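Worksheet: one structure, shown below.
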Amino acid sequence: MPESEILQGTLDLLILKSLALQPLHGMGISRRISQITNGAFDVKAGSLFPALYRMEQAGWLASEWGESETRRRSKFYKLTRAGRGRLQSEAQRWERISLAMASALRAT
Amino acid sequence: MIRALFRTLFRKQQTEQELDDELRSYLELTTAENERRGLSPADAAAQAHRDLGGMEQVKESVRDVRAGVSLEILAQDVRYAIRSLRKNPAFATVAILTLALGIGANTTIFSVVNGVLLKPLPYPDPARLVTLWESHPTWGPFLGVAPANFYDWRAQNSSFDKMAALDPYPDFILTGAGEPRRLAGIAVTADFFPLFGVRMALGRGFQATEDHAVVLSYATWEKYFGARPGIVGSQVRMNDDGYTVVGVLPRDFYLVSKASDFEARARFEVWTNLGLASPPPAWARGYHPLYAFGRLKSGTSIQSAQADLDRIAANLRRLYPDDNKDKTITAFPMEEHAVGNVRTALVTLLAAVAIVLLIACANIANLLLTRAAARRQEMALRSALGASRWRLAQQLLTENGVLALLGATLGLAFTLWSVPALVRHLPADLPRTSEIAVDGRVLAFTTFLALATGILFGLVPPIQSRAARLNARGVASGQSRVRGALTVGQIALALVLLAGAGLMTKSLRALLRVSPGFQTAHILTARFSLPPRYAHGYQFGTGRHREISVFQRDLTDRVRAIPGVESSAFSAYLPLSGTFNDWAFFIEGRPPKPQGVFDLTDYRPVTAGYFETMGIPVIRGRSFTRQDDEDHPLVVMINGAMARKFWGGEDPVGKRLKFGDETWRVIVGIAGDVHHQGLASAPQPEMYVPWGQVPNVEVRPTIVVRSFVDPASLTSALRHAAAAVDPEVPMDQVATMDQLVSGSVSESRFRTALLSAFAVLALFVASIGLYGVMSYLVSQRTREFGIRMAVGATRGSVFAMVLMHAAKLAGIGVAIGLVAAALTGRLIASLLYGVKPLDAATLAGVSILLAAVALLASYIPARRAAHADPMESLRYE
């Protein structure tokens with residue numbers, strides 16, 4: 001799916017979801033999103049980093065510098081408590097929307 | 001907190017660096033992954049770059065988000081701040097009003113300082129303007145300039161683009177435009193207007209040798225000539241003579257000057273041309289009526305100009321030893337000259353009002369501490385939800401910023417009202433008051449104050465929270481220590497202000513207690529301007545003053561016939577009026593002095609009855625009578641100071657002296673000393689001469705009228721009497737002697753009043769601060785007091801305990817304040833009269849006052865502590 005079609009809310013939710021299991025650096029988040037959506041979403045750096053910055057300011061993410069798997073210095077993002085709460089409420093909202101959309105589309 | 005502030009400064013740079021690092025690591029990781037997938041290193045890197053989509057574009061979009069987020073956060077914080085202030089209206093009102101008062105008062109005083117001291121002079125390139133003076137080792141550095149000397153300075157210097165001189169004396173009587181009016185006149189050389197860069201509103205300035213030409217001030221043109229556009233070229237009638245109007249000055253032009261020179265707010269109404277004969281006659285080196293100005297050549301320093309002038313002065317000393325013996329020339333920046341003697345007073349006021357603001361800030365810091373304690377839970381919750389320390393500090397700063405801005409806005413509104421009100425009440429001898437306005441610089445100052453105060457009181461709670469963290473015993477002791485320090489500081493600052501105000505008040509009272517040497521009550525004064533025909537036929541030293549004498553005698557007789565009038569007489573130079581004249585004299589029988597050396601003393605033409613009317617005692621001999629006129633032997637009176645200086649133990653009555661006119665005058669009496677030059681200056685040697693016998697002509701007689709009734713009520717009767725004698729003689733400068741005396745101390749009175757007002761304000765704000773701190777302390781320790789009382793402490797002992805605590809704070813504050821007052825007292829020594837900067841009585845008095853107010857402020861909290869119900873207290877919390 002072309003990147004431009006990712007809605008902002010969707011990207012936020014995907015980032016929150018990708019960080020649910022463990023802290024990741026920027027490229028890790030990008031790869032993880034690609035993996036959990038079966039390659040449907042390919043998040044480019046130009047969208048990813050602004051979103052990360054915005055979400056950190058909102059208090060959902062926290063970051064710290066660490067070493068990547070290839071021993072390079074990288075910035076790792078993790079969910080804050082507020083971020084976890086956000087993930088839960090956003091996921092529920094998204095499920096309601098997608099159910100509603102699905103039933104709307106199935107209706108004749 | 002300091003660290004957080006430090007971080008803001010470097011934050012931007014640091015975030016940029018981190019973003020760069022992060023993107024580079026992203027690139028490297030992608031490249032490494034591509035290599036693992038089997039691409040060549042070069043292809044892998046190229047692929048990674050393509051994937052990233054341009055380093056700069058990514059950075060740019062992050063920056064966009066960052067800017068948007070910052071603005072959004074600011075808006076959010078401001079909204080939050082306003083909401084939280086509205087939730088706590090009592091706190092918000094007290095804090096904003098305190099700030100408004102503090103910032104408003106500071107901005108007001110700064111407006112005055114800005115207009116008088118800081119603004120450049122209202123002329124082009126003002127830094128190059130200097131005043132020029134003749135100087136003498138014993139007579140002082142700022143003496144009037146002889147026309148012939150000025151002529152030589154101008155011709156011989158190589159440092160000045162232009163040099164100009166003015167004679168502020170010649171007044172004019174305007175006739176043919178309604179009632180006769182005296183117009184304040186000034187004569188200037190042709191270079192004067194070009195030197196000050198004046199662009200005439202109409203017409204032109206003077207040409208070098210022009211005679212009977214006049215330039216009108218804008219106000220004169222409007223007031224007396226109906227702002228007629230065709231005025232240039234027309235004739236006006238002044239001093240029974242015709243003058244051609246050649247120009248009208250621009251509306252805002254005026255000559256910045258100092259009160260002791262002519263008038264601080266000199267508004268000369270008509271300007272005439274001061275033509276200097278070329279070459280100047282010899283006598284033009286022997287009198288010194290001129291004020292001189294120079295415009296330095298571009299790039300020439302005042303030091304090198306001074307060296308140039310020193311060379312000219314040496315030359316003149318050599319060529320004209322009679323008139324220029326020991327004379328030097330002084331060049332002094334015009335800006336400093338005009339305001340030199342008011343600088344200390346204004347800076348003192350600015351410092352005082354800044355102290356008031358500091359004390360007010362301490363109060364707000366105290367209020368914030370109380371709020372911080374109440375909001376600890378809120379902050380803890382937000383911190384737990386992931387808000388960083390920085391983020392919380394940022395929000396608190398925004399709250400304080402909103403507070404400070406609201407305070408500053410209200411303060412500015414106060415300033416807009418108070419500045420014009422204050423300008424109306426400024427003492428007449430303060431220069432440049434017309435330039436006082438709320439301008440861009442004043443607004444910048446207010447903004448700075450708002451930011452500085454916001455940060456200042458905003459710093460306290462975080463510092464306190466650090467102190468509290470370090471203190472294992474808990475919050476209360478850390479809090480009370482910071483509060484205690486704030487209170488001590490407030491009391492110390494208040495004491496410094498009170499001490500300053502006390503000294504000034506004592507000084508003013510000492511000044512007002514000075515007996516001026518005459519009876520001030522029940523005297524009306526008014527000045528007359530006699531047209532030139534009164535002096536027609538007058539020649540130097542001939543004693544032909546008959547027309548003037550007749551006018552004076554007629555008017556005196558008519559005035560004495562007015563019901564309520566006791567007596568009246570004339571003087572040319574009233575005490576405390578700033579007008580004077582001096583004359584060289586020689587005493588009979590004394591060895592001749594070398595050339596160029598002579599005794600010089602003030603002299604005052606007066607008419608018969610002057611001493612009786614003024615209430616000046618005659619110590620020896622007699623005073624003048626109507627017989628001391630043009631037809632009788634020449635007589636003179638001297639004052640006590642002159643008798644002591646020139647005759648010592650001898651009796652001067654009956655001795656003779658002469659002026660330059662070779663006729664001996666007998667000393668017939670000695671008058672009491674009068675403080676002519678101001679209450680603060682010691683009386684100088686002076687002599688009095690009967691008006692009919694003065695060697696020069698004096699056409700500006702001032703009448704003094706002693707009455708049994710309110711002297712001001714006689715004004716119209718006096719005016720009628722004068723019109724009956726000669727309707728063409730203008731009368732103005734009507735004032736009672738009490739008003740003149742009061743006016744002569746107006747500057748001292750003004751700064752004393754303002755400083756006292758600030759000191760009272762400081763005392764009030766500091767006592768509110770102490771009350772707040774003690775109340776808080778009592779509320780915190782209610783439980784402890786309950787326990788104490790439960791185990792047997794009396795109400796009295798609890799009461800005493802609280803008071804002792806307050807007394808300790810006040811004591812430390814007073815001690816620190818006394819040291820500070822002793823250190824700062826020296827700085828205002830030049831403003832004091834009759835009192836030392838370290839006046840024990842004043843310092844003791846203000847200490848006791850402050851201690852009493854401090855105890856009063858803690859009385860209610862202490863009572864509350866003592867009347868706490870032990871059971872209630874124990875149930876507290």
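Between rounded, prolate and oblate, where does chain B land on the alpha carbon gyration tensor, with a ≥ b ≥ c its root eigenvalues, rounded for a/c under 1.5, else prolate if a/b exceeds b/c? Prolate shape, in that a/c is at least 1.5 and a/b is the bigger ratio. Of the DSSP beta bridges with both residues in the protein assembly as shown, give the percent that are antiparallel, rounding to the nearest 5. The antiparallel proportion sits near 80 percent. Less than 5 angstrom separates the built amide H of B:THR736 from those of B:THR525, all sequence-distant by 5 or more or on a different chain.
3J(HN,Hα) along the range B:148-158: 5, 5, 4, 4, 6, 4, 5, 6, 9, 7, 10 Hz, from the Karplus curve 6.51 cos²θ - 1.76 cosθ + 1.60 with θ = phi - 60°, whole Hz, x for Gly and Pro.
Treating r as the C-beta distance of B:GLU179 and B:ARG620 and R0 as 41 Å, the FRET efficiency rounds to 0.35.
What percent antiparallel are the DSSP beta bridges of the range B:138-325, to the nearest 5? Given both bridge residues lie in the range B:138-325, the antiparallel proportion sits at roughly 75 percent.
Once you reduce the range B:327-350 and the range B:51-75 to the center of their Cα atoms, the two points are 55 Å from each other. In terms of its C-alpha gyration tensor, the protein assembly as shown has a prolate overall shape, because the principal axis ratio a/c (a ≥ b ≥ c, square roots of the eigenvalues) is not below 1.5 and a/b outweighs b/c. Charge tally for B:LEU367 (other residues, Cβ to Cβ under 14 Å; Lys, Arg +1; Asp, Glu -1): +2. Amide H contacts of B:ASP171: B:GLY185, each under 5 Å away and 5 or more positions distant or on a separate chain (H built 1.01 Å from N in the peptide plane; Pro and chain starts excluded).
In order along the range B:99-108, the Karplus-derived 3J(HN,Hα) couplings, from 6.51 cos²θ - 1.76 cosθ + 1.60 at θ = phi - 60°, round to 5, 4, 5, x, 5, x, 4, 5, 5, 4 Hz, and Gly and Pro are given as x. For the range A:3-106, the relative contact order comes to 28 percent (Cα pairs under 8 Å, sequence separation of at least 6).
If you add up the charges near B:LEU755, with Lys and Arg at +1 and Asp and Glu at -1, over every other residue whose beta carbon is less than 13 angstrom from its beta carbon, what do you get? After counting each charged neighbour, the total is +2. Of the GluC sites (Glu not before Pro) found in the range B:598-669, those that fall in a DSSP loop while having at most 11 other beta-carbon atoms within 10 Å are B:GLU650, B:GLU662. For the range A:50-108, the set of trypsin sites (Lys or Arg not before Pro) satisfying both a DSSP loop assignment and a count of at most 10 other C-beta atoms within 10 Å is given as A:ARG71. With a/c under 1.5 counting as rounded, go ahead and sort the range B:237-284 into rounded, prolate or oblate using the C-alpha gyration tensor (a ≥ b ≥ c being the square roots of the eigenvalues; past the cut-off, prolate if a/b is larger than b/c, else oblate). Oblate is the answer for the range B:237-284, as a/c is 1.5 or above yet b/c matches or exceeds a/b.
Within a Cβ distance under 14 Å of A:TRP65, other residues only, what is the Lys/Arg minus Asp/Glu net charge?
-1
Report the convex hull volume per residue for the range A:3-106, counting only C-alpha atoms, in Å³. Walk me through the intermediate numbers first.
On the way: hull volume 10.9 nm³, N = 104.
Considering the Cα atoms of the range A:3-106, their hull volume per residue is 104 Å³.
Per-residue ellipticity at 222 nm for chain B, helices alone: DSSP H runs ≥ 4 residues times -39500 (n - 2.57), over residue total, nearest 500 deg cm²/dmol? Let's see the in-between values first.
Numbers: 25 runs with 457 residues, N = 877.
Estimated from H runs of four or more residues: -17500 deg cm²/dmol.
Ordering B:208-219, B:578-589 by mean Cβ neighbour count within 10 Å, with the highest value first, yields B:208-219, B:578-589. Close amide H partners of A:PHE76, meaning residues 5 or more places away or on another chain with modelled amide H under 5 Å apart, are A:GLU64, A:TRP65, A:GLY66.
Note on A:40-46: average number of Cβ atoms from other chains within 10 Å of each residue's Cβ is 4.
Which whole-number percent is the relative contact order of chain B (Cα, under 8 Å, 6+ apart)? Write down the numbers at each step before the final one.
Values: 1445 pairs, mean separation 130.0, N = 877.
Normalised by residue count, the contact order of chain B is 15 percent.
For the range A:36-45, putting each phi into the Karplus relation 6.51 cos²θ - 1.76 cosθ + 1.60 with θ = phi - 60° gives couplings of 6, 9, 6, x, 5, 10, 10, 7, 7, 4 Hz, in residue order, rounded to whole numbers and with x for Gly and Pro.
Give me the percent of DSSP beta bridges within the range B:530-729 that run antiparallel, rounded to the nearest 5. The partial results should precede the final answer.
On the way: 20 of 30 bridges.
Here the share of antiparallel DSSP bridges comes out near 65 percent.
Over the range B:138-325, what number does the Rg to Rh ratio reach, with both radii from the alpha-carbon atoms and Rh per Kirkwood?
1.00
By the Kirkwood approach, averaging reciprocal distances over each pair of separate Cα atoms, the range B:738-877 gets a hydrodynamic radius of 17.8 Å. Multiplying the residue separation of B:LEU600 and B:ALA42 by 0.36 nm and subtracting their alpha-carbon distance yields 190.7 nm.
For the range B:138-325, the relative contact order is 33 percent, taking Cα pairs closer than 8 Å that sit 6 or more residues apart in sequence and dividing their mean separation by the residue count. Inter-chain Cβ neighbour count for A:66-72, averaged per residue, equals 3 (cutoff 10 Å, partner chain atoms only). Here r is the Cβ-Cβ distance between B:ASP20 and B:ARG83 and R0 is 41 Å; the resulting FRET efficiency, rounded to 0.05, is 0.60.
Cβ neighbours within 10 Å, averaged per peptide: list A:58-67, B:599-608 in order, most packed at the top. Kindly include the intermediate steps, with their values, before the conclusion.
Working: A:58-67: 16.3, B:599-608: 21.3.
Packing proxy ranking, top to bottom: B:599-608, A:58-67.
Here the label points at B:SER716 and B:ALA790, each 7 Å from Cα along the C-beta direction, are separated by 8.3 nm in the simple model. For the range B:20-56, trypsin sites (Lys or Arg not before Pro) meeting the loop criterion (DSSP other than H, G, I, E, B) and having at most 12 other Cβ atoms within 10 Å: B:ARG37.
With a simple spin-label model that places each label point 7 Å from the Cα along the Cα-to-Cβ direction, the separation between B:HIS632 and B:ALA75 comes to 9.4 nm.
The residue among B:LEU117, B:LEU832, B:ALA521 whose Cα reaches farthest toward the positive pole of the charge dipole of chain B, with charges on the beta-carbon of Lys, Arg, Asp and Glu, is B:LEU832.
Since every read-out is calculated from the coordinates, none of them should be taken as a lab result. Treat the numbers as computed from the prediction; the structure is a model and nothing was measured. Don't worry about glycine lacking a Cβ; one is built from the backbone with ideal geometry, like all the others, and counts go over all protein chains shown.
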